[in-house]
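This report refers to the structure that appears directly beneath it.
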Amino acid sequence: MNAFDDLYRENILDHYKYPRHQGTLATADISYEDANPLCGDRIRMDLKIADGRIADVRFSGHGCSISLAAASMLCEAVQGKSLEEVKKLTREDVLEMLGIELGPVRLKCGLLALKTLKAGVYGIQQWPGEEDEPEAPGAGAPHRDAKDGGESR
């Protein structure tokens, strides 16, 4: 382990212990919740959109230090970005934010916030290929504001 690994681990723990943008938005334009059924991590992302940009973002849920730190870091990264910029975010972007190598099991934890964010932005009801996976209660539930003609569940 080198000094950079230690620095990234400290950053992950800082975001886990003192999360940024944690909570919910009562007047969210986009709200989406998803879970990792393998470990029980659950993340909800709430977005307030103004002029095609993320004016405010919050996350809530529970999970391991990797999933919650990734959600906190991702919220910081997308605040003020356009929806098109958010749609272009990749797993590599999140892994770079985390800064450490993740094994296959922890990879799902690290990417849960990105998956949840993108599903909300794209308005995805269910990810392709996950039809046969057991769904955690409330997972994959879009909460679009009814005033925008979207769903509210």
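The values are calculated or read from the model by the stated rules, or taken from the named source; none is laboratory data. This structure is a prediction, so every number in the text was calculated from the model and none was measured. In this analysis, Cβ positions are derived from the backbone assuming ideal geometry, glycine residues included, and neighbour counts consider all displayed protein chains.
Values computed for the structure shown
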| quantity | calculated |
| --- | --- |
| Count - residues of the range 79-92 that are of a type in the set (Ser, Thr, Tyr) and over 14 Å from the mean Cα position of the chain (by Cα) | 1 |
| Qualifying positions in the range 111-142 - at pLDDT below 95, touching a helix residue (DSSP H, G or I) at 6+ places or on another chain (Cβ under 9 Å) and small (Gly, Ala, Ser) | GLY140 |
| Selection from the range 63-80 of residues that are over 26 Å from ALA50 (Cβ atoms) and of a type in the set (A, V, I, L, M) | ILE66, LEU68, ALA69 |
| Residue satisfying condition, being free of Cβ contacts under 8 Å to residues at least 40 places away in the same chain, under 14 Å from the mean Cα position of the chain (by Cα), under 26 Å from ARG9 (Cα atoms) and outside any strand (DSSP E or B), within set LEU112, LEU95, LEU117 | LEU95 |
| Pick from the range 10-49, criterion part of a strand (DSSP E or B) and out of contact with any Phe, Trp or Tyr (no Cβ under 9 Å at 6 or more places or on another chain), ranking: surrounded by the most Cβ atoms within 10 Å (Cβ to Cβ) | TYR32 |
| Pairs where the first residue, in the range 49-61, is hydroxyl-bearing (Ser, Thr, Tyr) and the second is surrounded by fewer than 19 Cβ atoms within 10 Å (Cβ to Cβ), C-beta under 6 Å, 6+ apart | SER60/THR24 |
